[in-house]
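Asks: Below is the structure I would like to discuss, written out as structure tokens.
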Amino acid sequence: MPSPFPLFLNFPDEILIRVRQNLTHHSDSKSWRLVCKDFHRVDLISRKTLRVRRIEFLLSLITKFENIDELDLSICSRINDGTVSIFLGFASSSLRRLILRRSAGLSYMGLEKVTSRCTGLEMVDMSYSWRFGDREAAAVSICEGLKEVRLDKCLGVTDVGLARIVVGCGRLEKLSLKWCLQVSDLGLELLCKKCLNLKFLDLSYLKVTNESLRSISSLPKLETLVMAGCLSVDDAGLQYLEHGCPFLKELDISRCDAISSYGLTSILRGHDGLEQLDASYCFSELSTDSIYRLKNLKCLKAIRLDGTQLSSTFFNVISDHCEYLVELGLSKCLGVTDANIIQLISRCISLKVLNLTCCHSITDAAISKTATSCQKLMSLKLESCNMITERSLDQLALNCPLLEELDLTDCCGVNDKGLECLSRCSQLLSLKLGLCTNITDKGLIKIGLNCKRIHELDLYRCLGIGDAGLEALSSGCKKLMKLNLSYCNKLTDRGMGYIGLLEELCVLEIRGLHNVTGVGLTAVAAGCKRLVDLDMKQCQNVDDSGFWALASYAHNLRQLNVSSCAVSDVGLCMMMGNLTCLQDVKLVNLNKVSVRGFDLALRTCCLRIKKVKLHASLRFTLSSEILEILNAWGCKIRWD
């Protein structure tokens, strides 16, 4: 019998590799591997990135994919000083990027093993690793060729650790220190003296002052500076930047409360090459001087001014002088009217992203005009724009064929007719309809029939949605990965059975579904094998049979909320013991679980769990031994 793929089998490997690299979706990649032996072989030699969920599979995967240059172990819950040795003998020479986010079990000794063997590393991500401190930073500094280091929320890092990295890694081009609260002006001063190739720097929420901006202004190649929430930086600091960083293209000063519109003017005066600016929630009103300085930003592509009061002059300037604008963020801005938006989009026809969240004066007139003028629109956020109706949605479907993301949360004017219009947006990937109380199964069936590419759907508190709507989704939206059905009280076990048919589903929220029992949860657990995040708070009629099913089938679960559920001691222990990937769990108000049940359940997972939320009363009744073990292994306990 002749091969069904004779043309492909005659192609050289170089062509097949290029085809394989264009397959980005998991299901497409899996289908490729199953076609034939040649396609499987091409997959093995072309794979460049590897993300491992379970430590027991690491060795076999490393030996199978010989050419990987990026290894992601961020969701592998049992990475520690011993287990890192598994991959060092196989992938150490080829590795360029190593992601070890949330590696609570990894100390400086394990990191020294990695950095001394993986000499070609160019990027290391240790973000959210509670144990990472100055000694671990010293271990990272062994890699002299590092170009990118990410240390977000590594709370143990001080100026000493930062100094070790900047002295050892003089080629650094990207550094993220977000939430590293012990890093001060002193550490940043040394950074700016040693790492002159730095192009990207994130200092968000650090306790730095204007002195840090004085140092940063000396960086000759800096292109992106993110300093969101730096509360001790004011206008004087921005004046240092006015005359420094000649190649600055992207600036984020959002939530810097001490900065005024005057400080923004300094930046605009010195950097007319800015391409992206985020000044959200900085000041209540944009000054006239700042507005007129925007005229000089001929290359501006994105501007976000969320929470600011804007005048008609602002919209005049943007429309007249920023014709290349592709993103505009006006969430919760005062002064946003139909007339202003219509004027702006008459010239800014290249807009791809528009955020009008909580701009309550916006009506169909503005959105319809936006749809006809900005036909490249890809993302539109209209949360709480209550005067939007099916007229706007019809124009979007008619004129915006590239629309991928639409947020209509709390838009009470959206109904089934509007969903029928939206169903013509065949490229939709994300649709948020939470609190849209006028939609029913009739409208959702239209979405299910036509929006085949949709990945994310939010139906939070859509009280008119029932099992029939989920039936349409399960048959038409096979690529659905994220679904929110919380408080859709008409849903039953039958609807959960339809959800079980969504094999790609990763995130599911089903809070407060009182008609769902263990039968429904079993269907979800058995069918949705890729589920990583499940929130079923207040599903009070789910008994232990449902939780046993979770323990048996949902082996990829990393986040779980079972607060106010009817699980027993036995069900909780079995679930916590079997879910070996579980990292974050909420266990509040479990009335059928005894103190001993909590103690035993936590013992089954204490070496791998990273976050747990418990009722405050358990702080005094759980054994001190289990609390000490959890603390020693880096588990963060939140008491409710």
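The values are calculated or read from the model by the stated rules, or taken from the named source; none is laboratory data. Everything numeric here is computed off the predicted structure, so don't read it as measured data. When we count neighbours, we look across all protein chains shown, and the Cβ atoms used for this are built from the backbone with ideal geometry, even at glycine. What goes into the accessible areas is simple: the full protein's heavy atoms, side chains included, and nothing from ligands, DNA or RNA. Shrake-Rupley method; radii C 1.70, N 1.55, O 1.52, S 1.80 Å.
Asks: Over the chain, give the accessible area per residue in Å² for a 1.4 Å probe, as an integer.
Replies: Ligands and nucleic acids excluded, the result is 41 Å² per residue.
Asks: In µm²/s, what is D for region 93-204 at 10 °C and 1.306 mPa s, where D = kT/(6 pi eta Rh) by Stokes-Einstein and Rh is the Kirkwood radius from Cα pairs?
Replies: Estimated diffusion coefficient is 119 µm²/s.
Asks: Mean residue ellipticity at 222 nm from the helices of the chain, using -39,500 (n - 2.57) per DSSP H segment of n ≥ 4 over the full residue count, to the nearest 500 deg cm²/dmol?
Replies: Value at 222 nm, helices only, nearest 500: -10000 deg cm²/dmol.
Asks: Would you tally the net charge around Tyr460, using a Cβ to Cβ cut-off of less than 10 Å, leaving Tyr460 out, and scoring K and R as +1, D and E as -1?
Replies: 0
Asks: Now for a separate question. Note down the magnitude of the dipole of region 42-161 about its Cα centre, charges +1 on Lys and Arg C-beta and -1 on Asp and Glu C-beta and zero elsewhere, to the nearest 20 debye.
Replies: The dipole magnitude comes to about 400 debye.
Asks: Roughly speaking, what % of Cα-Cα pairs in region 368-480 are separated by over 17 Å, rounded to a whole number?
Replies: 47 percent
Asks: Using a probe of 1.4 angstrom, how much of the accessible area of region 50-169 is carbon and sulfur, in percent?
Replies: The nonpolar share, carbon plus sulfur, comes to 48 percent.
Asks: Just name one of Val570, Ala551, Asn631: the one whose Cα is farthest towards the positive end of the charge dipole of region 535-640 (beta-carbon charges, Lys/Arg +1, Asp/Glu -1).
Replies: The Cα lying farthest towards the positive end belongs to Asn631.
Asks: So how much slack lies between Trp639 and Ser552, counting 0.36 nm per residue of separation and subtracting their Cα-Cα distance, in nm?
Replies: Going from the current span to full extension adds 28.5 nm.
Asks: In whole percent, how big is the carbon plus sulfur part of the accessible area of region 521-617, probe 1.4 Å, protein atoms only?
Replies: Answer for region 521-617 is 51 percent, counting heavy atoms of protein chains only.
Asks: A follow-up question, please. How much accessible surface does Arg78 have with a 1.4 Å probe, in Å² rounded to 10?
Replies: The value for Arg78 is about 100 Å².
Asks: Shifting gears a bit: Return the aspartates and glutamates within reach of Lys613: Cα separation strictly under 12 angstrom, same-chain partners fewer than 8 residues apart disregarded; answer none if there are no such residues.
Replies: Correct list for Lys613: Asp584, Asp640.
Asks: Would you please calculate the Kirkwood hydrodynamic radius of region 545-625 over all C-alpha pairs and express it in Å, rounded to one decimal?
Replies: This gives a value of 12.5 Å.
Asks: Would you mind computing the Rg to Rh ratio of region 336-389 from its alpha-carbon coordinates, Kirkwood style for Rh?
Replies: A ratio of 0.92.
Asks: Can you compute the modelled spin-label distance between Thr288 and Ser312, with each label point 7 Å from Cα toward Cβ, in nm?
Replies: Between Thr288 and Ser312, the simple spin-label model gives 1.5 nm.
Asks: Along the charge dipole of the chain, pointing to its positive end and built from +1/-1 on Cβ of Lys, Arg, Asp and Glu, which listed residue (Val140, Ser331, Ile55) has its Cα farthest out?
Replies: Result: Ile55.
Asks: Continuing with this model, one more query. Cβ under 9 Å from Lys432's Cβ, Lys432 left aside: what net charge do those residues give with Lys, Arg +1 and Asp, Glu -1?
Replies: Surrounding charge for Lys432 is -4.
Asks: In region 229-346, carbon and sulfur make up what percent of the accessible area (probe 1.4 Å)?
Replies: 47 percent
Asks: Right, here's the next one. For q = 0.12 Å⁻¹, what log10 I(q)/I(0) does the chain give under the Debye formula with an equal point scatterer on each alpha carbon and no solvent?
Replies: Each listed q corresponds, in turn, to -1.53.
Asks: What distance in nm lies between label points placed 7 Å from Cα along the C-beta direction at Glu323 and Arg530?
Replies: Distance between the two pseudo-spin positions: 4.3 nm.
Asks: Shape call for region 27-132 from the C-alpha gyration tensor, a ≥ b ≥ c root eigenvalues: rounded (a/c under 1.5), prolate (a/b greater than b/c) or oblate?
Replies: Prolate is the answer for region 27-132, as a/c is 1.5 or above and a/b outweighs b/c.
Asks: Just to verify a number: FRET efficiency for Ser430 and Glu503, C-beta to C-beta distance, R0 = 22 Å, to 0.05?
Replies: 0.70
Asks: Could you sort out which of Lys194/Lys221; Lys153/Lys611; Lys432/Lys482; Lys48/Lys174 sit more than 19 Å apart by Cα distance in this structure?
Replies: Lys48/Lys174
Asks: Normalise the Cα radius of gyration of region 273-345 by 2.2 N^0.38 Å (N = residues in it) and let me know the number.
Replies: 0.98
Asks: Which pairs in the list Lys30/Lys301; Lys381/Lys446; Lys178/Lys479; Lys249/Lys586 are over 30 Å apart, alpha-carbon to alpha-carbon?
Replies: Over 30 Å apart, Cα to Cα: Lys30/Lys301; Lys178/Lys479; Lys249/Lys586.
Asks: Quick one: plug the Kirkwood hydrodynamic radius of region 492-640 (C-alpha pairs) into Stokes-Einstein at 25 °C, 0.890 mPa s, and report D in µm²/s.
Replies: 163 µm²/s
Asks: Of all DSSP beta bridges in region 444-543, what percent run antiparallel (nearest 5)?
Replies: Roughly 0 percent of the beta bridges in region 444-543 run antiparallel, per DSSP.
Asks: Follow-up question, since we're still on this one. Under a straight-distance cross-link criterion of Cα-Cα below 16 Å, which aspartates and glutamates are reachable from Lys592, leaving out those fewer than 8 residues away in the same chain?
Replies: Here the aspartates and glutamates satisfying the reach criterion relative to Lys592 are Asp543, Asp544, Asp569.
Asks: Related question: If r is the Cβ-Cβ distance from Asn197 to Lys613 and R0 is 41 Å, what FRET efficiency results, to the nearest 0.05?
Replies: 0.45
Asks: For Ser74, what accessible area in Å² do you get when you roll a 1.4 Å probe over the heavy atoms of the protein chains, rounding to the nearest 10?
Replies: Ser74 has an accessible surface of roughly 10 Å² with all protein chains in place.
Asks: While we're on this one: Points 7 angstrom from Cα along the Cβ direction at Thr621 and Thr372: gap in nanometres?
Replies: 6.6 nm
Asks: Let me ask something additional. With only Lys, Arg, Asp and Glu charged, each at its Cβ (+1 for the first two, -1 for the last two), find how big the charge dipole of the chain is about the Cα centre; round to the nearest 20 debye.
Replies: Charge dipole of the chain: 1280 debye, to the nearest 20.
Asks: Here's another thing I want to ask about it. Direction-averaged shadow area of the convex hull around the Cα atoms of region 159-229, nm²?
Replies: That works out to 3.8 nm².
Asks: Let me spell out the model: positive unit charges on the Cβ of Lys and Arg, negative unit charges on the Cβ of Asp and Glu, origin at the Cα centre of region 99-161. What dipole size does that give, in debye rounded to 20?
Replies: Charge dipole, region 99-161, about its Cα centre: 260 debye, nearest 20.
Asks: Something else about it: When the convex hull of the C-alpha atoms of region 215-373 is computed, what volume per residue in Å³ does it have?
Replies: Dividing the Cα hull volume of region 215-373 by its residues yields 90 Å³.
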